[in-house]
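S.K.: If you scroll down you'll find the structure; I have some questions about it.
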Amino acid sequence: MTGKFITIEGSEGAGKSTAINYLRDNLKVNRKVVFTREPGGTPLAEKIREVLLCPAEETVWPETELLLLYAARVQHWREKIQPALRQGAIVVCDRFTDATLAYQGYGRGVDLARIRQLDTWALQGVQPDVTFYLDVPIEIGLERITNRAGGPDRFEREQRAFFEKVRAGYLSLAEQSAGRIQVIDATRPVHVVCEDLLLRMKQVLGDE
């Protein structure tokens, strides 16, 4: 049985983590479901995540960020995602390559062709079967993250202009890959968004 690789994307404050937790509790299928995240997913990749998210005492250059992300991604793919897919599992991943294109490409200004070139070399350009992008206007997303427990991570400390570029990037990617990326309106009440995502997941998985 062939596995299925599904990713969930969203800019800051879209409610992505809440929606994924809802899936974890309510998605019932007849085969193994693996929930994982990026950056992270393996012990080594989680250590890289800490480096990426913790506020730094020095400038973290966009190229540094990109290479750290791909170091974590290759480890994650080869150690966890790929083996699970080969065993026929459904893998649900919190972020993947689309996040890098949106954040480091559109947000940071790293050349998109360079990112895709790196992706082809490191992962042979592997793509999810389906991606759900939770979309929310930046003003709403930023208002939501101000109410989060704990301090903001390094990305959450960015200026509004950065997040506007990231959102525009996601929407552009969704337009380019309309057959793979489904845009979900995340301005609605949380329970409505979660139910919408669950329904779409069931439609993708069919009678599994």
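S.K.: Looking at ALA113 and the list (1) farther than 30 Å from ASN30 by Cβ; (2) surrounded by 15 or more Cβ atoms within 10 Å (Cβ to Cβ), which single condition is not satisfied?
M.R.: (2)
S.K.: Among the residues of the range 20-44, write down those that are in a loop (DSSP other than H, G, I, E, B) and loosely packed, with under 14 Cβ neighbours inside 10 Å.
M.R.: Answer for the range 20-44, where residues must be in a loop (DSSP other than H, G, I, E, B) and loosely packed, with under 14 Cβ neighbours inside 10 Å: LYS28, ASN30, ARG31, LYS32.
S.K.: Determine, yes or no, whether VAL91 is surrounded by 18 or more Cβ atoms within 10 Å (Cβ to Cβ) and either outside any helix (DSSP H, G or I) or in contact with a helix residue (DSSP H, G or I) (Cβ under 8 Å, 6 or more places away or on another chain) (or both).
M.R.: The answer is yes for VAL91.
S.K.: Yes or no: LEU85 farther than 26 Å from GLY107 by Cα and buried (at least 19 other Cβ atoms within 10 Å of the Cβ)?
M.R.: Yes; evaluated as a whole, the condition is true for this residue.
S.K.: Got at least one residue in the range 105-127 being within 19 Å of GLU63 (Cα to Cα), among the aliphatic types (A, V, I, L, M) and without any contact (Cβ under 8 Å) to a residue 24 or more places away in the chain?
M.R.: Scanning the range 105-127 turns up at least one residue that is within 19 Å of GLU63 (Cα to Cα), among the aliphatic types (A, V, I, L, M) and without any contact (Cβ under 8 Å) to a residue 24 or more places away in the chain.
S.K.: Anything in the range 28-41 that is at pLDDT 95 or above and at negative phi? List them, or say none.
M.R.: Across the range 28-41, the qualifying residues are LYS32, VAL33, VAL34, PHE35, THR36, ARG37, GLU38, PRO39.
S.K.: What are the residues in the range 1-24 that are within 12 Å of the chain's Cα centre (by Cα) and of a type in the set (A, V, I, L, M), if any?
M.R.: ILE6, ILE8, ALA14, ILE20
S.K.: Could you give me the residue pairs with C-beta distances under 7 Å whose first residue belongs to the range 53-74 and is in contact (Cβ under 8 Å) with a residue 24 or more places away in the chain, whose second residue is loosely packed, with under 14 Cβ neighbours inside 10 Å wherever it lies, and which are 6+ apart or on separate chains?
M.R.: Correct list of pairs: PRO55/ARG157; PRO62/GLY109.
S.K.: Of the numbered conditions (1) under 24 Å from ASP185 (Cβ atoms); (2) modelled with pLDDT of 95 or more; (3) surrounded by fewer than 19 Cβ atoms within 10 Å (Cβ to Cβ), SER17 fails exactly one; give the number of that condition.
M.R.: Of the numbered conditions (1) under 24 Å from ASP185 (Cβ atoms); (2) modelled with pLDDT of 95 or more; (3) surrounded by fewer than 19 Cβ atoms within 10 Å (Cβ to Cβ), the odd one out for SER17 is (2).
The values are calculated or read from the model by the stated rules, or taken from the named source; none is laboratory data. All values reported here derive from a predicted model rather than from experimental measurement. Here the Cβ is made from the backbone with ideal geometry for all residues, glycine too, and neighbour counts use every protein chain on show.
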